[in-house]
Amino acid sequence: MTENAVQQDLSPEAIAARCQELYQDPRIQGKGWMPRLFWRPNPVEPRDYFGSLRVDPWELEVLFATILGEPSHCQAALEQQRPGRAGFIIRSIRHGELPLMTFRAP
């Protein structure tokens, strides 16, 4: 993968789209977590539950990828930016806990 592809892969838009895709998986749906836990509804179309993210997109991607047993696209970058944070999220999920996610202001 080229350096440019890595940057594009970690863009907020790309990660938000990946999170939305991962959220649709039945294993995540089975948790009973409503979209409002992670997303603000679209103000233009209130029935669109996937407006802007309420939480850090890298953290959410790590969380969903861990639940699904998939490799995370953001784990290394999150660990580099905030050492120990990705590991904490992974350990929390493996212990059956939903960790407190970092809030994103609107």
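Looking only at the stretch 71-96, residues that are closer than 20 Å to ILE15 by Cα, in a helix (DSSP H, G or I) and without any contact (Cβ under 8 Å) to a residue 24 or more places away in the chain come to 8 in all.
Among residues of the stretch 44-67 being hydroxyl-bearing (Ser, Thr, Tyr) and outside any helix (DSSP H, G or I), the one that is farthest from ARG104 (Cα to Cα) is TYR49. Test each condition in (1) assigned to a helix (DSSP H, G or I); (2) more than 20 Å from GLY96 (Cα to Cα) for ILE28 and report the one that comes out false. Every condition holds for ILE28 apart from (2).
Can you pull out the residues in the stretch 43-96 that are in contact with a Gly (Cβ under 9 Å, 6 or more places away or on another chain) and at pLDDT 95 or above?
Selection gives GLN75, GLU79.
Take the stretch 89-106 and flag every residue that is under 14 Å from the mean Cα position of the chain (by Cα) and surrounded by 11 or more Cβ atoms within 10 Å (Cβ to Cβ). Matches in the stretch 89-106: ILE89, ILE90, ILE93, LEU98, PRO99, LEU100, MET101, THR102, ARG104.
Could you check, for the stretch 28-35, whether at least one of its residues is aliphatic (A, V, I, L, M), within 13 Å of the chain's Cα centre (by Cα) and either surrounded by 14 or more Cβ atoms within 10 Å (Cβ to Cβ) or at pLDDT below 95 (or both)? There is at least one residue in the stretch 28-35 that is aliphatic (A, V, I, L, M), within 13 Å of the chain's Cα centre (by Cα) and either surrounded by 14 or more Cβ atoms within 10 Å (Cβ to Cβ) or at pLDDT below 95 (or both). Taken together, the residues in the stretch 12-27 that are over 14 Å from the mean Cα position of the chain (by Cα) and without any contact (Cβ under 8 Å) to a residue 24 or more places away in the chain amount to 1.
The values are calculated or read from the model by the stated rules, or taken from the named source; none is laboratory data. Remember, predicted model here, so these are calculated numbers, not experimental data. Note that each Cβ is placed from the backbone with ideal geometry, even for glycine, and that neighbours are counted across all protein chains shown.
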